[in-house]
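Only the coordinates and a few stated rules stand behind these numbers; no lab work does. Please read all numbers here as calculations on a predicted model, not as lab measurements. Cβ sites come from the backbone with ideal geometry, for glycine too, and all protein chains shown count toward neighbours.
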Amino acid sequence: MDLSLSTRNVSGPAGDRTVVEVGGEIDVYTAPKLREQLVELVNDGSYHLVVDMEGVDFLDSTGLGVLVGGLKRVRAHEGSLRLVCNQERILKIFRITGLTKVFPIHTTVEEAVAATD
Amino acid sequence: MATVELRFSAQPEHVRTARLVAAAVARRAGVDEAVLDEVRLAVGEACSRAVGLHRSHGITAPVRVVLTDEDKTFSIEVGDEVPAPGSDGSRAASGSGGAADEDADGEDEMGLAVISGLVDDMEVSSTDEGGVIRMSWPTAPVSVLP
């Protein structure tokens with residue numbers, strides 16, 4: 001299954017957020033598409049991102065690298081990048097690599113949109 | 001003898017094929033269903049790493065994946081043809097340097113970190129012929145039908 005991406009803007013109590021809904025497999029082949037999307041959003045001035053990973057079937061270290069790259073970019077603009085994920089198989093990869101300490105991970109998009117630091 | 005051997009040109013789009021094949025052969029070999037996700041991820045990481053190494057060193061040879069159903073274990077070897085550092089045509093000597101290489105090296109290390117976190121039994125070796133990542137998982141005893 002290929003990667004699917006869609007974005008929408010949401011206004012929450014903490015301000016405007018851009019939700020990036022990701023579906024399918026994020027691997028060495030598809031990760032560049034996600035990277036492009038995140039770079040484009042930041043270049044267009046969206047600095048508070050919520051990446052919804054509920055539809056992701058597969059994530060590898062290339063995908064993790066893209067998410068870390070996205071975090072670096074939004075932080076350069078004092079922004080934020082939050083993840084939404086409840087799937088144990090995906091969460092395990094964040095735990096193994098210690099990235100649960102780097103990314104705020106939420107159970108719902110609503111919670112991520114409402115969150116503040 | 002290998003149960004299944006796969007060779008693919010070093011293109012990112014073929015890594016998914018390697019994952020699917022590895023998971024299918026592992027399932028058939030009797031690797032526990034709960035562990036198949038780990039097999040899929042680990043072989044994907046190893047293949048992504050090999051593809052990256054071949055591409056960054058301009059190697060046109062295919063990446064090799066050897067899947068072997070042994071007694072009580074299922075093993076996977078992913079081989080690249082990039083010589084070990086220090087040997088002729090070493091990784092350091094053939095790299096052009098710069099930011100792109102540093103990025104690739106970073107992802108390379110992260111891939112290995114994921115594999116070592118996932119797989120208890122894994123070893124990485126490198127010679128002047130190339131590198132090999134070898135991983136293995138226990139298989140459940142196959143029940144013999146009456």
Inset, instruction - Please work out the C-alpha center-to-center distance from segment B:1-66 to segment A:53-75 and express it in whole Å. - result: 22
Inset, instruction - With a point put 7 Å past each Cα toward its Cβ, work out how far A:ARG89 is from A:LYS101 in nm, to one decimal. - result: 2.8
Inset, instruction - Would you please give the residues with an amide H less than 5 Å from that of A:ASP57, counting only those at least 5 places away or on a separate chain, with H modeled from the backbone geometry? - result: A:GLY24, A:GLU25, A:ILE26
Inset, instruction - For A:VAL84, list long-range residues whose amide hydrogen, built 1.01 Å from N in the peptide plane, is under 5 Å from its own amide hydrogen. - result: A:VAL51, A:ASP52, A:MET53, A:HIS106
Inset, instruction - Would you mind checking the tilt of helix A:61-75 against the longest principal axis of the Cα atoms of chain A, expressed as 0 to 90 degrees and rounded to 10? - result: 10
Inset, instruction - Provide the FRET efficiency to the nearest 0.05 for the A:GLU110-B:SER116 pair, computing r from the beta carbons and using R0 = 45 Å. - result: 0.80
Legend entry - Relative contact order, percent, chain A [alpha-carbon distance under 8 Å, six or more residues apart]: 27
Legend entry - B:GLN11-B:ALA34 FRET efficiency (beta carbon distance; Förster radius 41 Å; 0.05 resolution): 0.85
